[in-house]
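The values are calculated or read from the model by the stated rules, or taken from the named source; none is laboratory data. This is a predicted model, so every value here is computed, not measured. Cβ: placed from backbone, ideal geometry, glycine included. Neighbour counts: every protein chain shown. These area figures cover heavy atoms from the full protein model, side chains too; ligands, DNA and RNA do not enter into them. Shrake-Rupley method; radii C 1.70, N 1.55, O 1.52, S 1.80 Å.
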Amino acid sequence: LDVSNMVRVRLSHFYGIEVEEWPARIAETAMFLVDQQANHELAITFGNAPDRLPIMNAVNITIGNALRIDWESVLPSRECSYIVGNPPFIGMAMLSQEQQEDNRLVFEKLEGGSRTGRFDYVACWYAKAIAYMKGHRTQAALVSTNSIVQGEQARALGPLLDHNQFSIDFAHRTFAWRSEAPGAANVHVVIVGFSHLGQAKTKRLFDYPDPKGEPIERRAKNINLYL
């Protein structure tokens with residue numbers, strides 16, 4: 001049985017934006033290795049698997065500042081199913097002049113954007129995602145510093161989502177960020193999944209009694225920016 005044409009998800013279906021060349025190359029290699037592992041499992045089940053050598057079916061990674069690049073030029077929004085990301089963990093008080101300019105550029109193009117100068121850097125990715133996803137069935141999920149669901153930032157970002165008719169489909173409340181990378185950030189984060197007009201029929205909220213432990217899932221009728 002030739003399973004090559006039965007594989008529904010391919011590396012060429014993945015598009016990304018990375019500001020530095022070296023991490024982009026690492027990501028490409030990691031994705032190829034995961035593809036090889038999946039093909040190995042396929043071979044065990046069906047007796048053969050697609051031959052990926054030489055490497056032709058590659059991930060599409062654009063090098064550049066994701067806040068300055070037009071996402072439509074990377075992948076037209078009508079063709080995008082999911083957006084996932086782990087934007088930089090940089091607080092409002094730590095933003096460089098260039099990052100402050102990034103904030104201004106992305107929010108000035110978005111309806112309902114006000115008081116945006118007090119946002120952490122990660123909020124800029126919300127603005128880009130909202131503009132890109134509006135009118136489409138794309139779903140997004142961003143790992144974010146937990147300060148965006150607290151105080152002044154939640155008071156500003158929540159109405160911004162509402163104004164553009166976006167709803168939170170699922171969320172992970174505060175948990176400790178873990179990474180095997182050397183020098184990884186020691187921060188507490190949340191994950192916010194959202195979409196235009198709310199694509200999920202059931203809202204799912206994941207709570208962490210132990211920030212370093214496993215979550216407890218709860219169902220909800222609505223999830224606001226304070227989670």
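The table that follows gives values for the structure above.
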item: Whichever residue in the stretch 37-47 is loosely packed, with under 13 Cβ neighbours inside 10 Å and not aliphatic (A, V, I, L, M) and, among such residues, is modelled with the highest pLDDT; result: Gln37
item: Residues that are modelled with pLDDT of 90 or more, of a type in the set (A, V, I, L, M) and open to solvent by less than 90 Å² (accessible area, probe 1.4 Å), drawn from the stretch 1-30; result: Ile17, Ala24, Ile26, Ala27, Ala30
item: Residue in the stretch 134-145 that is touching a Leu at 6+ places or on another chain (Cβ under 6 Å) and either within 25 Å of Leu205 (Cα to Cα) or of a type outside the set (S, T, N, Q) (or both) present; result: no
item: Matching residues, the stretch 92-132, being touching a Leu at 6+ places or on another chain (Cβ under 7 Å), open to solvent by 40 Å² or more (accessible area, probe 1.4 Å) and more than 17 Å from Ala66 (Cα to Cα); result: Gly112
item: In the stretch 197-224, residue most open to solvent (accessible area, probe 1.4 Å) [restricted to those that are in contact (Cβ under 8 Å) with a residue 24 or more places away in the chain and charged (D, E, K, R)]; result: Lys212
item: Members of the stretch 119-159 that are among the small types (Gly, Ala, Ser) and touching a residue at least 40 places away in the same chain (Cβ under 8 Å); result: Ala129, Gly135, Ala140, Ala141, Ser144, Ser147, Ala154, Ala156, Gly158
item: 1 or more residues aromatic (Phe, Trp, Tyr): qualifying strands (runs of 3 or more DSSP E) within the stretch 9-92; result: 15-18, 82-85
item: Top-ranked residue of the stretch 79-90 - restricted to ones that are farther than 11 Å from Ala123 by Cβ and not aromatic (Phe, Trp, Tyr), ranked as most open to solvent (accessible area, probe 1.4 Å); result: Val84
item: Residue, farthest from Leu110 (Cα to Cα), within the stretch 142-165, restricted to residues that are aliphatic (A, V, I, L, M) and either part of a helix (DSSP H, G or I) or in contact with a Cys (Cβ under 6 Å, 6 or more places away or on another chain) (or both); result: Val149
item: Residue list for the stretch 93-110, filter: of a type outside the set (A, V, I, L, M), part of a loop (DSSP other than H, G, I, E, B) and within 21 Å of the chain's Cα centre (by Cα); result: Lys109
item: Subset of the stretch 133-153 that is open to solvent by less than 10 Å² (accessible area, probe 1.4 Å) and in contact with a helix residue (DSSP H, G or I) (Cβ under 7 Å, 6 or more places away or on another chain) - its residue that is farthest from Gly16 (Cα to Cα); result: Ile148
item: The stretch 154-174: number of residues that are of a type in the set (S, T, N, Q) and open to solvent by less than 20 Å² (accessible area, probe 1.4 Å); result: 1
